[in-house]
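I have placed the structure first, in the form of structure tokens, so that the comments after it can refer back to it.
The values are calculated or read from the model by the stated rules, or taken from the named source; none is laboratory data. Keep in mind that what you see is a predicted model, and the values were worked out from it rather than measured. Here the Cβ positions follow ideal geometry from the backbone for every residue, glycine too, while neighbour counts run over all protein chains shown. The protein model used for the area step is the full one, side chains on, heavy atoms only, and it has no ligands, DNA or RNA in it. Shrake-Rupley method; radii C 1.70, N 1.55, O 1.52, S 1.80 Å.
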Amino acid sequence: MKKKAIFLIALLAAVSARAQQSGSEFARFLNDTQLDLTLRNHWKYLKESEAQSKEVHNAWGQAAALDFRSGWLWDALGFDATYTRAVKLGASDYFATRGMLYSHGSGFDKSNAGGFGRFGQRYLKLKLGDKTFGLTAKGGWQQLKDYGVLTNSYRLARNSYQGYSGTLGWQDLKLDAAWVERSLMFDSPNSVHFLTLDGKPIDSIFTAGLSYKADGRYLSWNYGEAKDYLRRYVAELVWPLAPQWALASQIYGSQALANYKAMPTAKKQFDDSAWHYAGELRWQEDPWIVKLGVAWTHAEKKNAVGYYDRHLGKNSRGRFNALTSAGKDYMRDGELALTTFAEYQFSKSYASAVQLNYGQFAWKNNTVRTGEVTWINRWQPADKALEHLSVFAQLGYGWSYKNNNSTPVLNAHGDYMRAPSLSAEVGVTWKFGLL
């Protein structure tokens, strides 16, 4: 794979030089072609004792990604491709939960950890019209960021989907639609089917969304369906109240379909439906950004604690942009969650923030309380020579509870048991333009 990537760069450079001399349509196509190299170093750490004795989940790796974006033939057709090579720098047992390194064997042993290489994107693209009114479409392996009810996540690589997508834009309105049938996860070179929670294949996922964005206002409504398994709804809103103030809200819903209902109860996240409602008040005035949020979840499950899971099944990534985003924490049935976020921009290059999350719900005469304090830092140099370098780091302490699939495990006195956690993450990304 490494030889193929080097050959691709050399071939593009040679063809581009020849085509520019010819003055042909193909020359104009190559003049607009771009090739970027992105270096990504990422470390993720978690020490917790929620579902077992105290364990450390640790993974560290380095990746290099070649991102090719072609120009347009006849101002209508093109193709893009992304090749990523990731290597292991360090790992502990349970490394696979960090979603960074490829597991070459079964179980949780660190000896299974390794790197991977793959073409995460390779698709044909089409455009018709212009920014005022136009259509863009893709067919093949592609990344879908907040596209309908689907999204992607970034570790050493991004997850991607095989299928078709299209966006129809008219002024400030946008209509998205996508149909996908397989995925590449961010820690693997292998394409896989979407799966139910009991391991059965999901044929496909369809999603569509309508959004409006103008003058600081943003409204989005999205629908999706994992065939015969789950139906998903996503609504997001941002509405300015004054130059420094804005309201935001998110509503996320899942509805069980036939194959979900047929699963064993122990595998289900909820019985029939799950909903997560969130609202935020935002204030921004340089150098401050402050957010206050409240959320509540309805996800009934008989004789257990149900929860809203953002994903539409295994090997997919579901759209979720609320402040309560922290795994499945703060999304349990009957849970009231409160969140605060405050960021201060110390300079053009450096900003630091603190986020506090608190949640509580009732279970068998217990008020189960969980929380998290996270210190977040981001640095992006203002120096022109380093403008494509960015560093992200966070450190968090949390307190949760001993559980079995989110349901509290009680001691002999009928009380839930606390389970503290410590987490950390550092990501360094540097992008270079090659063409």
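The phi-based Karplus calculation (6.51 cos²θ - 1.76 cosθ + 1.60; θ = phi - 60°) puts the 3J(HN,Hα) values of the stretch 176-190 at 10, 8, 8, 10, 9, 10, 8, 9, 10, 7, 6, 10, 8, x, 9 Hz, whole numbers, x for Gly and Pro.
Applied to the stretch 191-206, the Karplus parametrisation 6.51 cos²θ - 1.76 cosθ + 1.60 on θ = phi - 60° returns per-residue 3J(HN,Hα) values of 6, 9, 6, 5, 10, 6, 5, 9, x, 9, x, 9, 4, 6, 10, 10 Hz, with x for Gly and Pro. Of the residues GLN171, TRP74, THR207, the one whose Cα sits farthest toward the positive end of the charge dipole of the chain, with +1 on the Cβ of Lys and Arg and -1 on the Cβ of Asp and Glu, is TRP74. The 3J(HN,Hα) values that the Karplus relation (6.51, -1.76, 1.60; θ = phi - 60°) gives for the stretch 368-380 are, in residue order, 7, 10, 9, x, 7, 10, 10, 9, 10, 9, 9, 10, 9 Hz. Gly and Pro appear as x. Between the stretch 197-253 and the stretch 306-375, the C-alpha centres lie 18 angstrom from each other. If you add up the charges near ASP198, with Lys and Arg at +1 and Asp and Glu at -1, over every other residue whose beta carbon is less than 11 angstrom from its beta carbon, what do you get? Charge balance near ASP198 sits at +4.
Taking N as the number of residues in the stretch 244-347, what value does Rg over Cα atoms divided by 2.2 N^0.38 Å take? Can you show the working numbers first?
Numbers: Rg = 16.4 Å, N = 104, 2.2 N^0.38 = 12.8 Å.
After normalising by residue count via 2.2 N^0.38 Å, the value is 1.27.
Loop-located chymotrypsin sites (Phe, Trp or Tyr not before Pro) across the stretch 63-155 with a Cβ neighbour count of 12 or fewer within 10 Å are TRP74, with loop assigned by DSSP. Surface composition of the stretch 159-204: carbon and sulfur atoms hold 56% of the protein heavy-atom accessible area at a 1.4 Å probe.
Let's see if you can work this out: charge +1 on each Lys and Arg Cβ, -1 on each Asp and Glu Cβ, no other charges. What is the dipole magnitude of the chain about its Cα centre, in debye to the nearest 20? The partial results should precede the final answer.
Working: 52 positive and 39 negative charges, 207 e Å.
Here the chain has a charge dipole of around 1000 debye.
Adding -39500 (n - 2.57) for every DSSP H run of four residues or longer, then dividing by how many residues the chain holds, sets the calculated 222 nm ellipticity at -2000 deg cm²/dmol.
May I ask for the distance between the Cα centers of the stretch 383-400 and the stretch 257-305, given as a whole number of Å? That distance is 27 Å. Taken along its principal axes, the alpha carbon cloud of the stretch 264-417 reaches lengths of 58, 34, 26 Å, longest axis first.
Neighbours of GLY163 by Cβ distance under 12 Å: Lys/Arg scored +1, Asp/Glu scored -1, total 0.
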